[in-house]
């Protein structure tokens, strides 16, 4: 395996209390394989977002974060020309343990929400009768238990103008179940290609 200067494989001690560190370490290594263009800059940008002290209001703030060792030009270039392989990212996310409810069940939440972009130019395949500016996305997530708004996002896909939200959501739920049988904590099909 090639040396990756930015990905530190954190070695977790053998105790069960440190198992989360091992999960994080494994996910970081798998996540680093997802970008295929501008990988280092995208990886540092992700670290900067996750380690920020509170909400991020501007990209300049991220370029000044300790985790982002590159200049602001690299940040903008990564966002403009960086590419990520969604199939690999889905596979990496499917390998993470899922949060469970107090009784041990896994609860799924689905939603269709719009990514609001009122200042964006109109896309060619969007109709003028859409009342909400932006694209609708179908999300499948596992909510954390307790009093928190955190979720484990399992899948997200953009809906086109001709897509039926219910049908697309049902297909996404089936795909999530095939990638990760929900009775287990890990995917039983780690090398199976997921549909985009």
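Restricting attention to region 51-65, the residues that are in a loop (DSSP other than H, G, I, E, B) and either surrounded by 15 or more Cβ atoms within 10 Å (Cβ to Cβ) or touching a helix residue (DSSP H, G or I) at 6+ places or on another chain (Cβ under 8 Å) (or both) add up to 3.
Residues that are out of contact with any helix residue (DSSP H, G or I) (no Cβ under 6 Å at 6 or more places or on another chain) and assigned to a helix (DSSP H, G or I) within region 66-75 comprise just one, 73. Per this entry, residue 114 is not counted among residues that are within 26 Å of residue 53 (Cβ to Cβ) and at pLDDT below 85.
Checking residue 36 against (1) part of a helix (DSSP H, G or I); (2) modelled with pLDDT of 85 or more; (3) closer than 24 Å to residue 95 by Cα: exactly one of these is not met. Which one? If we test residue 36 against (1) part of a helix (DSSP H, G or I); (2) modelled with pLDDT of 85 or more; (3) closer than 24 Å to residue 95 by Cα, just (1) comes out false. When residue 24 is tested against (1) modelled with pLDDT under 85; (2) assigned to a loop (DSSP other than H, G, I, E, B); (3) over 30 Å from residue 167 (Cα atoms), just one condition goes unmet, and that condition is (2). Candidates are the residues of region 139-157 that are in a loop (DSSP other than H, G, I, E, B) and touching a strand residue (DSSP E or B) at 6+ places or on another chain (Cβ under 9 Å); the one that is farthest from residue 179 (Cα to Cα) is 149.
Can you report the number of residues in region 78-92 which are crowded, with 17+ Cβ neighbours inside 10 Å and either touching a strand residue (DSSP E or B) at 6+ places or on another chain (Cβ under 6 Å) or closer than 14 Å to residue 175 by Cα (or both)? Spell out how you get there, then give the answer.
Filtering region 78-92 for residues crowded, with 17+ Cβ neighbours inside 10 Å gives 78, 82, 88, 90-92.
In the following step, the residues that additionally are either touching a strand residue (DSSP E or B) at 6+ places or on another chain (Cβ under 6 Å) or closer than 14 Å to residue 175 by Cα (or both) were identified as 82, 90-91.
Total satisfying the criteria: 3.
Taking the condition surrounded by 12 or more Cβ atoms within 10 Å (Cβ to Cβ), free of Cβ contacts under 8 Å to residues at least 24 places away in the same chain and closer than 26 Å to residue 140 by Cα, does residue 48 pass?
Values: surrounded by 12 or more Cβ atoms within 10 Å (Cβ to Cβ): yes; free of Cβ contacts under 8 Å to residues at least 24 places away in the same chain: yes; closer than 26 Å to residue 140 by Cα: yes.
Yes.
The values are calculated or read from the model by the stated rules, or taken from the named source; none is laboratory data. All values derive from a computational prediction rather than experimental measurement. Positions of Cβ are backbone-derived with ideal geometry, glycine not excepted, and every protein chain shown enters the neighbour counts.
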